[in-house]
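J.: Pasting a structure here, questions to come.
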Amino acid sequence: MSTMLLVHGAFQGGWVWSETAAALAQRGHTVHRPTLSGCGYLHHGFRNGYDLNTYIQDISNYIQFEGLDDFTLVAHSYSGMICGAVASRTPHLINRVIYVDALLPETNRSFVDIAGEGFRHMLEAHKTKGGRIMPWPLQVFGVPDEKADWFRTRLCDFPESAFSTPFPGEFDPTAVPAAYITCEKTPSPFIRAMAGKAERYGWHLSTLDSGHCSMTSHPQELAAMLDEITRMELPASANAA
């Protein structure tokens, strides 16, 4: 079985992976689910100036201090930017990357640049004091009603600068074998468009009948899909276009 490092998206924390992580552990995997600076139980430590580079360093440090090697890196949503950078910098430590309904980076472009004007307007509408962005409405996350309160009470503001920081350097989609899981009911068009980009890279593509946060709405199904992909021999991507 594999070691898996699950990285959460914006406004969330390692808590969002709890059910999926438990299901993966039952299948024999060793699972890590770190929390980014200022998020989740670390929300009291929020600092102005946190940005994409902060979060890349968070995950890079976690890998170093936990001594992770030959592991599967799993990105969700915003953390596609983080995990894309980590994979490009330390491909020798990672056996594969699985992007779950995640934004795929582009060289020297920020999350906002990639997501487009619609997202830029949404960001403006959710600005609050101190360079923070309030969480999106629950419909964007695709969380079922029975988990809505549990999910909502754990969301935290996220730094605006995390969305505006350009991807640091060149994104290499061929650095590590990769797969993409697209969630069919995701409302965001720029996220839905990522599946086509993954196909052009030559990555393995799977589809899950869920909303954006499948680790909350469909934890067992997502765990089964992640487990299946860790058992595959993924081809190295040959297409960088």
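Only the coordinates and a few stated rules stand behind these numbers; no lab work does. Note that the structure is a prediction, hence the values are computed from the model and not measured. Cβ coordinates were reconstructed from backbone atoms using ideal geometry, including for glycine residues, and neighbour counts include every protein chain displayed.
J.: Compute the distance in nm between two label points, each set 7 Å from the Cα along the Cα-to-Cβ direction, one at D209 and one at R120.
T.: About 3.8 nm separates the two model spin labels.
J.: Sticking with this one: Excluding A223 itself, what net charge comes from residues whose Cβ is under 10 Å from its Cβ, given Lys and Arg +1 and Asp and Glu -1?
T.: Taking every other residue near A223 into account, the sum is -3.
J.: Moving on to the next point. Going by amide H atoms built from the backbone, whose H comes under 5 Å of the H on H32, apart from near neighbours?
T.: M4, L5, L6
J.: Quick one: which of 142-149, 68-75 comes out on top by average Cβ neighbours within 10 Å, and what's the full order, highest first? Don't skip to the answer; put the middle values down first.
T.: Numbers: 142-149: 13.5, 68-75: 21.5.
Descending mean neighbour count gives 68-75, 142-149.
J.: Of all DSSP beta bridges located in the range 1-157, what percent are antiparallel, nearest 5?
T.: Values: 2 of 15 bridges.
Once the DSSP bridges in the range 1-157 are tallied, antiparallel ones form about 15 percent.
J.: Any idea how far the Cα center of the range 133-178 sits from the one of the range 1-69, in Å?
T.: The range 133-178 and the range 1-69 have Cα centres separated by 13 Å.
J.: Just to be sure I understand: with springs between alpha-carbon atoms less than 10 Å apart, which residue in W15, W150, W136 has the highest mean-square fluctuation in the Gaussian network model of the chain?
T.: W150
J.: Given the Cα-Cα distance of H92 and T153 and 0.36 nm per residue of separation, how much length would full extension add, in nm?
T.: Fully extending the segment from H92 to T153 adds 18.1 nm.
J.: Quick check: from the Cα gyration tensor, does the range 151-241 come out rounded (a/c under 1.5), prolate or oblate?
T.: Verdict is oblate for the range 151-241.
J.: Given axes a ≥ b ≥ c from the Cα gyration tensor, I'd like to know whether the range 95-144 is rounded (a/c under 1.5), prolate (a/b larger than b/c) or oblate.
T.: Cα axes put the range 95-144 in the oblate bin.
J.: Say we join alpha carbon atoms closer than 10 Å with springs in a Gaussian network model of the chain; which of F119, F111, F158 then has the biggest fluctuation?
T.: Most flexible of the set in this elastic network: F119.
J.: Say each of Q139 and M232 gets a label point 7 Å from the Cα, pointing the same way as Cα to Cβ; how far apart are those two points in nm?
T.: Going from the Q139 label point to the M232 one covers 3.3 nm.
J.: Mind checking which lysines have their C-alpha under 28 Å from K185, skipping anything on the same chain fewer than 8 residues away?
T.: Answer for K185, where 28 Å is the Cα cut-off: K127, K147, K197, listed by chain and number.
J.: Size of the dipole of the chain about the Cα centre, Lys and Arg at +1 and Asp and Glu at -1 on the beta carbon, nothing else charged, in debye to 20?
T.: Taking the Cα centre of the chain as origin, the dipole is about 400 debye.
J.: Can you spot the aspartates and glutamates whose alpha carbon is less than 19 Å from K129's alpha carbon? Ignore those fewer than 8 places along the same chain.
T.: D51, D157, E160
J.: Normalised by the number of residues in the chain, what is the relative contact order in percent for Cα pairs under 8 Å and 6+ residues apart?
T.: Across the chain, relative contact order equals 23 percent.
J.: Here is a follow-up. Going by a ≥ b ≥ c, the root eigenvalues of the Cα gyration tensor, does the range 1-96 fall in the rounded group (a/c under 1.5), the prolate group (a/b larger than b/c) or the oblate group?
T.: Oblate, since a/c reaches 1.5 and b/c is not below a/b.
J.: For Y41 and Q26, calculate 0.36 nm times their separation in residues minus their Cα-Cα distance, and state this gained length in nm to one decimal.
T.: 2.9 nm
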